[in-house]
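I have placed the structure first, in the form of structure tokens, so that the comments after it can refer back to it.
The values are calculated or read from the model by the stated rules, or taken from the named source; none is laboratory data. Everything numeric here is computed off the predicted structure, so don't read it as measured data. Note that each Cβ is placed from the backbone with ideal geometry, even for glycine, and that neighbours are counted across all protein chains shown. For accessibility, only protein heavy atoms count, side chains too; no ligands or nucleic acids. Shrake-Rupley method; radii C 1.70, N 1.55, O 1.52, S 1.80 Å.
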Amino acid sequence: MASFSSSYPLDPDLMREVLECPICLETFNEDQMRPKLLQCGHTVCRHCLERLLANTINGVRCPFCSKVSRMSNISQLADNLTVLKILDCTTSCGAAAAILMCGSCCSRLPRHYCHDCAAVLCELCKGEGHRHRGHSVQPIRMAAEQRRKELGAKLSTLRDIMGEIQKKKMALENITKSLKAKYRAVQQDYTAAELQLQEELSRSRRTFTASIAEVQKLNGQALEEQTYLLNIAEVKVVSCCDYLTMRVRQSDISLLRDDGGGCEDEELNLRSSLPTGDVEGRDGAVGGAKGPPMDLYRDVDMVAAVDDTTSSSPCTFKSKSMDAGGESEGGACAGPPPCQFVKKMGCKGALPGSFNLPVSICVTQQGEVLVADRGNYRIQIFNRKGFQREIRRNASSIDNFVLSFLGADLPNLMPLCIAVTAQGLIGITDNYDNSVKVYTMDGQCVACHKNQLIKPWGITAMPSGQFVVSDVEGGKLWCLAVDRNLGVVSYSRLCSAVRPKFVTCDAAGIVYFTQGLALNFEKRHNEPHLEGGFSIGSVGTDGQLGKQLSHFFSESEDFCCITGMCVDVNGDLLVTDSGRKEILQFPKEGGFKVLIQEGLNCPVGVATTPKGQLLVLDCWDHCVKVYTYIQRRHSSTS
């Protein structure tokens, strides 16, 4: 309807012809001026029709077409319903209808416009109070045309002003763009200068750090050299004192015996009083006695050496430290390496005692070794005599019985990590259904937990008997309390972390966990990569985070792919890095040490035995490699 009215606007003259009586020019209404429809089709008001009917007897002649409409009463003529409907609509509109009517009488349609009063007027009101007063009155069409011209002129002026505004706006936009471009260029120059300054600062920092390290190294070497020379001088002084004491005693004895012989002055040969054997230092030989030189770098028993030195005299302690614990030109400590290869256990296969891509290892307090054999879907348990038993998925459950009865394949146990408590409960993270399962040492499943776990991976046993499980996808560490009769009694969130994967725990209950995503991209055994940790964090039993080992744990050393951890009896953290193919030791006092550098293809687990051995699980060699491991002994002061 709106589109129709906008396409075909209403003509005021046409509206007047429809709503006014063509005889008296009065506007139709529903009373005396009611529109009546003649038989010829023309419409006149009731008042005019009564006057026409008064002059005739049997009909009314139309004043427009002269056609006679036969009737004896006005009520015989029908009303013009269209006109009445239009009048009804204008009456219901109220204010809109008042706008369309004459501004003076508000009952007739306007035909003229008074410029002085700014009002529209009908034909009768035009001459009553406006034209006689000298007002400027003209037909409404001419007034509308004049007003249209005035508005057109103003509109053209506004368009010119808008054009000027648009030009100024475009100029401002161009200025803004140029300023933004200059700002971006200045910002880029500033960023480049800042990056260059940061690079120079980092380069200067590295140079300064290297210089400091070199100075410290030189100071250490000088200190060691002076200590070495002081030890030699002390040995010489002690030897001279012993020699002089011996000569004094001999002189006293000769005087007491009263031999009568005079004491001849003898030249003290200090060199002859030194121990026979050459003592090598940094600048060459110091002793003068001939004979076979002593081997300063021979293999010694470190534990026996420590026991002997703590129980001997100060002079003897310094002499032994020079012989067995001194430093050579390269700065390496003399004595046996911290870990020596002993033997290899297992090979690739499916028989008992063989492995297929093992992924985790742990040791009980009684010395039993548990290995998660992922490729063979089992957990193998070894004692001192060798293979003892294996644990697979519980085959006595009713679900497995139904599956086997229906001919379906039984679900496999796909272990990712294992841990054992002091009470003999074995915790396993199962990759088959993303759950945590707890078994006894006899292979009986006592608990299965999946609540709020997305991708459980690492597991460790706390001294309290609880298990700590890492959810690598959920980003949380969970603490599970398990009873062998009731199953999982309670579980709670320990802390949140970024992709925690491998976990371990020390005797104080501090949990160490790996964070981040590190990949070993070496392709072997149809495995495109091996996922590990990027850094190491720690958390206490109260959920408070402790010390952290970042990716760069040293100025020149960093983690490549952490795939396993354990804590020895001294609280030192041992880490397997499959990317570096090394076993690293992080003492709790600080620093680090490389225990094993050679002979490993893909270490994924490490554990220590009560007998002082180091077990390294090599995934791609499908075996357990046994090394000697000398525990650090804390020195005691008496």
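Beta carbons closer than 8 Å, at least 6 apart along the sequence or on distinct chains, pair a first residue in region 556-571 that is without any contact (Cβ under 8 Å) to a residue 24 or more places away in the chain with a second that is surrounded by fewer than 20 Cβ atoms within 10 Å (Cβ to Cβ) for Asp558/His551; Asp558/Phe552. The residue of region 37-73 that is most open to solvent (accessible area, probe 1.4 Å), among those that are among the β-branched types (Val, Ile, Thr) and modelled with pLDDT under 80, is Ile57. Return the residue satisfying two criteria in turn: it lies in region 410-458 and is aromatic (Phe, Trp, Tyr) and open to solvent by 10 Å² or more (accessible area, probe 1.4 Å), and of such residues it is modelled with the highest pLDDT. Here the answer is Trp457.
Annotation: Val606 fulfils all but one of (1) in contact with a strand residue (DSSP E or B) (Cβ under 6 Å, 6 or more places away or on another chain); (2) in a loop (DSSP other than H, G, I, E, B); (3) surrounded by 19 or more Cβ atoms within 10 Å (Cβ to Cβ); the unmet one is (2).
Checking each residue in region 422-443 for being farther than 21 Å from Val604 by Cα and in a loop (DSSP other than H, G, I, E, B) picks out Ala422, Gln423, Gly424, Asp433, Met441, Asp442, Gly443. Of the residues in region 499-528, how many are at pLDDT below 80 and of a type in the set (D, E, K, R)? Residues in region 499-528 being at pLDDT below 80 and of a type in the set (D, E, K, R): 4 in total.
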